[in-house]
Amino acid sequence: MVEQFVGTWKLIFSENFDEFLKKLGISAAQRQMASKQKPKFSLSVDNQGIITIESQGIFKAPEIKFKLDEPFEEETVDNKVKTVVTLENGKLIQKMGEMCVEREILDEKLIVRTMMGNAVVVRTFEKEE
């Protein structure tokens, strides 16, 4: 079922992004730079079930490689966190420390909800052809 996420996706809409970054302690200058970027998100799966996610255009965003339900260490902008990605009810759920990222396909769009405490950002991507 992860196959529905495979491909390259480009950002078309962002809701509450600046407020979310502010709550993360990101400086005003960095928030301004980030809000002007139109990042792309790529997901692929190899024949051994290893999933690769790459986010292009937001600060330092190295690719991550993992298998579903297997914890791994992920390097974020400011530290390393233990991460696990699961597939639940058609959603890819990425739990990384205090942050949770939910990815789901709705109306042929990739909806990405990133949550930390009561801060939530919703970003909408469409698939590149």
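For the condition of a type outside the set (D, E, K, R), at pLDDT below 95 and within 20 Å of PRO39 (Cβ to Cβ), what is the one hit in VAL85, VAL121?
Within the list VAL85, VAL121, the selection yields VAL121.
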Pairs, please: C-beta under 8 Å, at least 6 apart or cross-chain, first residue more than 15 Å from ILE53 (Cβ to Cβ) and in the stretch 96-107, second basic (Lys, Arg)?
GLY97/LYS82
Residues satisfying the stated conditions in the stretch 58-71, i.e. modelled with pLDDT under 95 and among the aromatic types (Phe, Trp, Tyr):
PHE59
Please specify each residue of the stretch 1-58 satisfying the condition of being touching a strand residue (DSSP E or B) at 6+ places or on another chain (Cβ under 8 Å), farther than 20 Å from THR76 by Cα, part of a helix (DSSP H, G or I) and open to solvent by 50 Å² or more (accessible area, probe 1.4 Å).
GLU3, GLN4
Within the bounds of the stretch 2-25, is there any residue that is closer than 17 Å to ILE93 by Cβ, among the β-branched types (Val, Ile, Thr) and in contact (Cβ under 8 Å) with a residue 60 or more places away in the chain?
yes
Can you name the residue in the stretch 95-128 that is outside any strand (DSSP E or B) and under 21 Å from THR8 (Cα atoms) and, of all such residues, is least open to solvent (accessible area, probe 1.4 Å)?
GLU128
Quick one: which of ARG103, ARG31 is at pLDDT 95 or above and basic (Lys, Arg)?
ARG103
Selection status of LYS91, among the charged types (D, E, K, R) and under 18 Å from ILE12 (Cβ atoms)
no
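The values are calculated or read from the model by the stated rules, or taken from the named source; none is laboratory data. If you're wondering where the values come from, they're calculated on a predicted model, not measured in any experiment. Cβ: placed from backbone, ideal geometry, glycine included. Neighbour counts: every protein chain shown. In case anyone asks, the SASA skips ligands and DNA or RNA and just uses the protein heavy atoms, side chains included. Shrake-Rupley method; radii C 1.70, N 1.55, O 1.52, S 1.80 Å.
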